1. Here is a list of conditions, (1) modelled with pLDDT under 85; (2) over 30 Å from T2 (Cβ atoms), and A111 meets all of them except one; can you say which number that is?
2. Based on what the data block shows, is A28 within 25 Å of the chain's Cα centre (by Cα), modelled with pLDDT of 75 or more and surrounded by 11 or more Cβ atoms within 10 Å (Cβ to Cβ)?
3. Going by what's in this entry, would F66 be described as touching a residue at least 40 places away in the same chain (Cβ under 8 Å) and within 22 Å of A19 (Cβ to Cβ)?
4. Which residues, taken from the range 69-120, are hydroxyl-bearing (S, T, Y) and free of Cβ contacts under 8 Å to residues at least 24 places away in the same chain?
5. In the range 70-99, how many residues are part of a helix (DSSP H, G or I) and over 27 Å from F4 (Cβ atoms)?
6. If I filter the range 33-49 down to residues being farther than 10 Å from F59 by Cβ and of a type in the set (A, V, I, L, M, F, W, C), which single residue comes out as modelled with the lowest pLDDT?
Amino acid sequence: MTGFKNFLLRGNLIDLAVAVIIGTAFAAVIAAFTAWLTSVIPGAEDTFKGVELGDFGFFLNALISFVILGAVVYFLIVLPYTKARERYFPSPAPGTPEDIKLLQEIRDLLAAQQGRPTSGSSDI
């Protein structure tokens, strides 16, 4: 069970799923916009993938559906995922990372061996 939890929360599985959902919904908005735009252009076809052109409502409906779907995905998938990830895998505490501290100690020891005073700055 722990391995499955790590798979869900550490990987990019949720990010990829959200990207596919939002990308598919956005493709519908683009198709509706294209259908509406080609109806405005003189000499365009009368139909586009079975959709009656000249209907701005179809584009508006696709746009509203996209916004609603985005809100649902955010509140039902992204927020709970973010809270669960932070609960089970908290972000590291702010401050100097351990590897940087170790490198600073090495720098200071090398400078002390060569007889130079340490710079005292946090740059490596």
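The values are calculated or read from the model by the stated rules, or taken from the named source; none is laboratory data. Keep in mind that what you see is a predicted model, and the values were worked out from it rather than measured. Heads up, the Cβs are rebuilt from the backbone with ideal geometry, glycines too, and the neighbour counts pull from every protein chain shown.
1. Among (1) modelled with pLDDT under 85; (2) over 30 Å from T2 (Cβ atoms), the lone unmet condition for A111 is (1).
2. Details: within 25 Å of the chain's Cα centre (by Cα): yes; modelled with pLDDT of 75 or more: yes; surrounded by 11 or more Cβ atoms within 10 Å (Cβ to Cβ): yes.
Yes; evaluated as a whole, the condition is true for this residue.
3. Working: touching a residue at least 40 places away in the same chain (Cβ under 8 Å): yes; within 22 Å of A19 (Cβ to Cβ): yes.
Criteria met by F66.
4. Filtering the range 69-120 for residues hydroxyl-bearing (S, T, Y) gives 74, 81-82, 88, 91, 96, 118-119.
Residues satisfying the conditions are Y74, T82, S91, T118, S119.
5. Start the filter on the range 70-99 by keeping residues that are part of a helix (DSSP H, G or I), which leaves 70-88, 98-99.
Narrowing the set further to residues that are over 27 Å from F4 (Cβ atoms) leaves 70-71, 98-99.
Here the count works out to 4.
6. F48
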